[in-house]
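Structure first, then comments.
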Amino acid sequence: MSLTPLDIHNKEFSRSFRGYDEDEVNEFLDQVIKDYENLIREKKDLQEKVETLNERLQQYADIEETLKKSIVVAEQTAEEVKRNANKEAQLIIKEAEKNADRIINEALSKSRKVAVEIEELKKQAAVYRTRFRMLIEAQLEMLNNDEWDELSDSMDDEMEKIEDPVSS
């Protein structure tokens, strides 16, 4: 049974011939010593436990600090990746715009060349038609010319001579 401070305070020793009973006092002191030793031991154990818990608490605080730093680094990295992605996207857009402009310019250039070629072909077709018309008109004029009749008559005469060699 453990002593309480009240027990120690209220403890009365019986009187003997020379004062307090020595055995009773010694027995009480032995009990006080034993309880005091237990309290010291318990106090030491609790102090060790407090130190261990403080160490663990410090470890957790260190881990928390490391995690906070890691989160900050991760956020910074994410922000940097985001900025880089935006820059790359802008570069891709600019490159696409340049390519689109180049393609449009090439298409316009080809379109102009085709238009020029079409105009040249129209001119050549008009020249060809004019020459062909002139050729046909010249041929018609030759056909309508009296020389054909004369040539035809002369050929008929020649044919007659060939057919009738005796009469010539």
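Numerical summary
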quantity	calculated
Residue tally, condition among the polar types (S, T, N, Q) and either modelled with pLDDT of 95 or more or within 60 Å of the chain's Cα centre (by Cα) (or both), over the range 16-67	6
Residue among Ala138, Ala85 that alone is among the small types (Gly, Ala, Ser) and at pLDDT 95 or above	Ala85
Cross-chain or 6+ apart pairs with Cβ under 6 Å, the range 16-36 first and on the phi < 0 side of the Ramachandran plot, then of a type in the set (S, T, N, Q)	Asp21/Ser14; Asp35/Ser2
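The values are calculated or read from the model by the stated rules, or taken from the named source; none is laboratory data. Here the structure is a predicted model, which is why all the values come from computation and not from measurement. Ideal geometry is used to build each Cβ from the backbone, glycine not excepted, and the neighbour counts take in all protein chains shown.
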